[in-house]
Structure formats: structure tokens, C-alpha cells
């Protein structure tokens with residue numbers, strides 16, 4: 001077969017995402033905090049954008065850009081007249097406004113660092129590693145064992161458990177195994193009690209040493225009957241240890257007072273606060289939707305740079321091209337932000353229409369809903385609805401909820417199809433009302449749901465219970 005070269009002309013259709021379209025899609029799915037970070041970054045990168053503060057302008061000189069208007073004509077190359085038509089140039093003297101802080105040239109005067117008071121510093125939470133290293137450095141540990149103990153501390157997880165094996169630590173520290181055991185024994189004597197354990201059983205046994213309960217019946221249970229203890233099989237445990245159930249329960253009460261995660265009180269992580277993207281409030285029987293723009297910079301086009309761009313004689317070719325590109329980018333960003341707000345508002349409005357009974361009456365009235373229902377209602381694609389509802393929250397009369405909360409599958413019932421979220425809420429309520437000494441198993445939960453006209457299989461009920469992070473009836477049982 002002969003090889004040959006030839007030219008072919010071929011027509012094809014492809015969907016190409018331009019950088020501007022990619023940016024628009026990205027902004028649509030960003031939650032509020034990440035959106036604020038992106039906008040602040042754009043303020044740094046694009047001189048055509050500046051932040052508009054309240055009271056700074058009466059709004060008469062702000063640009064109004066629509067999809068039908070373009071900032072300039074690339075063919076004609078004449079940008080001055082369209083800019084005057086669209087934007088107007090009644091800007092204040094840019095340099096006089098900003099010469100004090102050097103903002104014209106991209107620099108800001110550094111403000112002196114605020115020195116926190118001793119009280120403010122003491123409020124900062126010490127993490128587990130700092131707490132243990134502080135104790136280690138104040139101790140009289142040998143120079144041989146000290147570095148190995150520090151390596152052990154660095155291999156603890158946030159709960160205080162050792163993640164590496166003694167052999168791995170010996171290899172990492174280049175020491176004998178007996179030195180590792182000595183260092184580990186030293187770390188396990190530090191505060192908090194139970195730190196440095198390799199499993200839950202060892203963690204609880206270490207805490208018994210602090211309580212001077214070595215050799216006690218409690219220790220005997222942890223050593224010889226830990227498997228039965230985990231499964232709450234107290235009758236089998238009593239038979240195994242040849243003792244009464246009352247003595248077992250008395251020991252279990254002490255064990256339940258121990259800390260299974262000794263490092264949790266020293267977590268250095270700050271609590272994450274969820275900021276709602278949308279507020280839904282009821283007023284005079286009607287719901288009002290408000291987009292949350294608190295903390296989000298309000299953008300406008302820079303009057304100074306627009307005026308500079310309109311003056312063709314003052315710019316070179318490169319400077320002109322640079323500003324034209326930044327102007328396009330700025331206008332596209334403003335349009336994308338406006339489109340993002342409109343889309344989120346419309347999606348929220350559609351959800352409110354489908355789930356109005358939930359907003360008025362509560363979780364038991366949540367209806368089955370999927371992305372396709374919203375997409376068909378708004379004439380949008382499902383992927384757009386998915387991006388809008390991803391990682392965003394709504395504050396409503398029923399609490400702070402993720403947008404995805406409103407979407408759930410249907411379960412058959414006597415009153416028609418109901419949401420799986422409603423079924424989960426009923427299961428949660430049934431378990432909260434149960435007798436702790438005789439908790440409901442999955443079969444009983446299914447029967448109680450059937451009495452309410454809801455038909456689910458036992459495996460389905462078990463799956464919903466696990467999704468609610470509720471333990472099985474054996475582990476929920478209270479003996480005293």
C-alpha cells in the first residue's frame with residue numbers, strides 16, 4: 001500500500017467555549033465567599049474596574065451596558081464617539097482623588113500592623129501539636145529519645161491517634177525499635193490523657209492509668225471483653241466474666257465518661273460559617289426573594305481609564321490595545337455578574353413556586369422535585385440549574401438550607417408521592433421519640449411508616465437511617 005500526502009477541506013461543527021463564556025459559567029457556580037474573592041482578584045488585575053462605594057456617586061455617570069451595545073467598533077477603530085455615547089465622561093479628577101494612597105500606580109500605603117492584646121492572643125486556640133511539643137520541650141527527656149518523640153507527635157492525627165507504625169517511625173528517625181517504644185511511652189504520658197494511642201482500646205486503657213484504675217474491673221472489661229462492649233452485649237459480657245449485669249453496667253458508666261477522641265478539644269480549625277446566597281422572607285402572606293450582596297464589591301468602570309482610552313493622541317498602539325482588551329474583559333464581567341444574579345433569582349423563584357407548601361408549613365410538606373422540573377419551568381438546561389444550585393444556601397423561614405435540599409426523589413404513600421426528605425424527617429422524629437431502653441429496629445420503623453401510609457423496604461429504611469447518621473438500634477440502646 002503506497003503512502004501519499006494530500007490536502008482535504010472538511011466542514012464540521014464544534015462547541016467552543018471562549019474564555020469569556022468559561023468565566024461566565026465559573027461565576028454562575030461560585031458560592032458567595034468565592035465570588036467575592038474572584039471579584040477582588042479582578043479588581044487587582046484589571047485597571048478598567050474599580051469599586052463603587054455608597055454615596056460616592058449619584059448613579060448618573062455609571063455605565064449602562066446592554067447586550068446590544070458594544071463599547072467600540074473593532075472595524076472602524078474609532079472608539080471615542082461610542083464611548084461618549086455609552087458611558088459619558090464626567091469623572092472626578094482621578095489622580096487628585098487617589099494621590100494620597102498611591103492607588104494610581106498599583107501600590108497601597110501599608111497601614112501599621114495592629115498589635116493584638118495579651119487577652120486577644122490568649123483567646124487563640126492552641127492546636128494539639130503545639131500543646132504536645134510545648135510539654136515535650138519543657139520536659140527532661142534524653143537527647144536520644146526527644147527527636148523520636150517529636151516525630152511521633154508529628155504523626156498523630158487530629159483526634160490524637162498515632163498513624164504510623166513503630167517500625168516506620170524507627171526507619172524515619174534512624175533509631176532502634178526500643179527507643180521508639182520508649183519515646184511513644186513518654187508521649188502517651190502527656191496531656192491530654194489517651195493521646196498517642198494506636199486504637200480506641202489502647203486510648204481508653206491509657207486514660208484508666210490517669211484515673212488510677214489499673215488492675216480494676218473496668219480495665220478487665222476493656223482487655224477481655226472489648227468486642228462485647230462495643231456491641232453492647234452486656235449479658236454475654238457478664239457471662240464471660242462470671243459477674244452480674246449490675247456490675248457490668250456500673251463499669252460501663254465509667255467507660256462512657258472517658259474521651260474516645262482526646263485531641264478534639266485542641267483542634268486548631270476555626271468553625272466555618274455558612275453565608276446564605278439568597279434570603280426568602282414572608283411578608284403579608286407573600287414571599288420576598290433577596291439576593292445577598294453583603295461583602296461583595298460593587299463594580300464600575302473606571303472613569304479615568306475610559307477617558308484616557310477616548311483620547312487617542314495620548315496613547316501608543318500597545319497601550320491602546322491593552323486598555324481595549326481590559327475594557328472588553330470588564331464589560332463582560334459586569335454582564336456575567338448581572339446574568340448570574342438574574343439566574344439565581346429565577347431559580348429561587350421557581351423552587352419557591354414548586355415548594356410553596358414547604359416554605360409555609362414545614363418539612364413534612366416538601367414535594368418530590370428534580371433539576372429537570374426547574375429547567376423545563378425556566379426554559380434552561382439542566383446543567384445550568386445544577387451549577388446555580390451547587391454549594392449555595394438559602395435562608396428561609398424553615399432555616400438555612402442548601403439549595404440541593406429542595407431536590408429529592410419520590411416515595412409512594414397513601415396521599416400520593418412524597419419526598420424522600422420527608423420520609424427521612426419522619427424516621428428522625430420516630431427515633432427521637434423512641435424509648436431509649438427499647439429502641440426501634442429497622443423493621444419496626446418500616447411498620448410505623450406503613451401505618452402512616454408510606455411504603456418502603458427495610459433496606460431502604462436502613463439506608464435513610466444511615467444517611468441521617470443514626471446508629472443501629474443495638475448501639476442506641478440505653479441500659480441505665
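Which residues does the label zone of residue 51 cover in the stretch 272-298, counting backbone N under 13 Å from a point 7 Å along Cα→Cβ?
Answer for the stretch 272-298: 294-298.
How high is the FRET efficiency between residue 282 and residue 435 when r is their beta carbon distance and R₀ equals 25 Å, given to the nearest 0.05?
The calculated FRET efficiency here is 0.10.
Alpha carbons only, please: Rg and Dmax for the stretch 410-476, in angstrom.
Here Rg and the maximum Cα pair distance are 11.3, 35 Å.
Can you give the extra length, in nm with one decimal, that the chain gains between residue 293 and residue 250 once fully stretched, where that is 0.36 nm per residue apart less the Cα-Cα distance?
Gain on stretching residue 293 to residue 250: 9.9 nm.
Determine the gain in length on full extension of the stretch residue 467-residue 390; use 0.36 nm per residue of separation and subtract their C-alpha separation, reporting nm with one decimal.
25.8 nm
So what does log10 I(q)/I(0) come out to for the stretch 123-167 at q = 0.26 Å⁻¹, using the Debye formula with one equal point on every Cα and no solvent?
Treating every Cα as an identical point scatterer, log10 I(q)/I(0) equals -1.00.
Between residue 444 and residue 381, what length in nm is gained on full extension when 0.36 nm per residue of separation is reduced by their alpha carbon distance?
Stretched out fully, the residue 444 to residue 381 stretch lengthens by 18.4 nm.
How would you order 203-212, 433-442 from highest to lowest mean count of nearby Cβ atoms within 10 Å?
203-212, 433-442
For the modelled label position 7 Å from the Cα of residue 417 along Cα-to-Cβ, which residues of the stretch 361-381 have backbone nitrogen atoms closer than 13 Å?
367-374
Can you bin every Cα-Cα distance in the stretch 128-266 into 5 Å intervals starting at zero and give me the percent of pairs per bin, rounded to whole numbers?
Final binned percentages: 2, 10, 19, 18, 16, 12, 10, 7, 4, 1, 0.
Could you check the simple spin-label distance between residue 198 and residue 158, using points 7 Å along Cα→Cβ, in nm with one decimal?
2.5
Read the figures in this text as sums done on the coordinates, not as results from a lab. A quick note: this is a predicted structure, and the numbers were derived from the prediction, not measured. When we count neighbours, we look across all protein chains shown, and the Cβ atoms used for this are built from the backbone with ideal geometry, even at glycine.
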